[in-house]
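Some notes on the structure that comes next.
The values are calculated or read from the model by the stated rules, or taken from the named source; none is laboratory data. Computed from a predicted structure; not experimentally measured. So basically every Cβ, Gly included, is an ideal-geometry build from the backbone, and we count neighbours across all protein chains shown. SASA here: full protein model, heavy atoms, side chains in, ligands and nucleic acids out. Shrake-Rupley method; radii C 1.70, N 1.55, O 1.52, S 1.80 Å.
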Amino acid sequence: MHSSALTSRAQTSEAAPVPSPDIAQIIKWRDSSYAADLFIAAVSWLDLFTHLDGQPVTEEELRVHFSLRERPTRTMVRLFESWGLISKQSGRLHATATALRYLSGTSSDNISSYIATMKYKPSVRELYEILRQDGSNTWHIEPGVTKSWDALMQTDEFADLNTRGMEERGRIFAPHLAELLDCTNDTHVLDVAGGSGVYSAHLLMRYTSLSATVLERPPVDQLARTCLKDRSLYPDRANVIAGDMFVDPLPADSSLHLYSHVLHNWGPDKVNLLLSKSFKSIASGGRIAIFSCHPDDRGGRPSPSAEAEYSVLLTTGYEGCCYTFEDMRAMLESTGFQEVNYHKSICNRSLIVARKSS
């Protein structure tokens, strides 16, 4: 009888196949890879929710108490808001009932010690140090040596790996960007830090009267030429210029500037610099298009969890974060752009488009 029961269970298991993940889930596994480590760091190294138990604080008060830096603290707060562990009321941060029950040291149901058994994991320590120091030199290429992503992108081996990886990502997102971004009245797009050129390539394939210039630093510029040539777009409809977007002037008179998965790598000062350079060089009446992960925080709503989790990765390995729609609208309008619009894309990405007045 026991054997028969085991056979019955085995047959039931075989009849219920595991559902296949979709592309959004596959991308989420990669993009959310640091979120759990930030959670463990906050519980174990800060004992954050015991601190919040009974004493809601402002984000600034939280930073002062724990000696934290502004950028990673904002990322942490947005993550925990999206997970339902923190709520913001009248500008103050409150631990939710679930957080107080399971993560505050005053609760009999507290499991923070169980979570803290992972506190010495290298990536958890890394997140704790980022909270306190806000460094972006977190790329481990060889034992005992860390470098910044920006420095590594100027080496042939890493630049090749990263650009090919972004080309693969672009094959997922670029077709949808080409659907969202109407280029019917555009003549030329400047693809700033366009990597392999995959995004401008899909715009060119959809809009046959459009031409493009990809601005990239060496050695990525050569990879862009190769990828565009493979798509039969270079040099007839697409050009590649070697240059540094922060240092060199942007080519003038394009009707459209495209930043795809670019601005989220950089801090607000550099983002504002790039927006200002685009505003000055873009043609009158032209537009700027920014494609990335922009949590829709209109009306004060918290970030969706997948987008808040991705922001942890960007805060860890880069200088930026996932700027929300309101973040981007404020920066665009302060630069002089108008008519800022938001378009939802696939896999937690979105497109923000603004216009330079004519």
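Computed values, structure above
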quantity	calculated
Peptides ranked, highest mean first, by Cβ atoms within 10 Å: ranges 167-175, 304-312	304-312, 167-175
Solvent-accessible heavy-atom area per residue, rounded to whole Å², over the chain at 1.4 Å	47 Å²
Within straight-line cross-link reach of LYS147, lysines at Cα separation under 26 Å, skipping those fewer than 8 residues along the same chain	LYS28, LYS119, LYS121, LYS270
Rounded to 5, the percent of DSSP beta bridges in the chain classed as antiparallel	50 percent
Positive dipole terminus of the chain, leading residue within GLY267, ASN137, TYR114 (C-beta point charges)	TYR114
Selection from THR213, GLY243, VAL77, by position along the positive dipole direction of the chain (Cβ)	VAL77
Spin-label pair SER33/GLN133, simplified geometry with 7 Å Cα→Cβ offset, distance in nm	2.2 nm
Within the accessible area of the chain (1.4 Å probe), percent carbon and sulfur	51 percent
Segment 145-251: antiparallel DSSP beta bridges as a percent of all, rounded to 5	0 percent
For LYS88, solvent-accessible area (1.4 Å; no DNA, RNA or ligand), Å²	100 Å²
Cα-based equivalent ellipsoid, segment 43-182: semi-axes from gyration tensor eigenvalues, Å	35, 21, 15
Length gained when the stretch ALA16-TYR120 is fully extended (0.36 nm per residue, less Cα-Cα span)	33.5 nm
Mean Cβ neighbour count within 10 Å, used as a protection proxy, ranking 262-271, 90-99, 215-224 highest first	215-224, 262-271, 90-99
The chain, relative contact order in percent, only Cα pairs under 8 angstrom and at least six apart counted	17 percent
Order by protection proxy (mean Cβ within 10 Å, highest first), peptides 249-258, 316-325, 24-33	316-325, 249-258, 24-33
Quotient of C-alpha Rg and 2.2 N^0.38 Å, computed over segment 255-353	1.02
Student exercise, the chain dipole from Lys, Arg, Asp, Glu Cβ charges, in Debye to nearest 20	400 debye
Summed side-chain charge close to TRP29 - residues other than TRP29 whose Cβ falls under 13 Å, Lys, Arg +1, Asp, Glu -1	-1
Helical segments meeting 24 Å axial Cα length and Kyte-Doolittle -1.0 threshold in the chain (DSSP H)	156-180
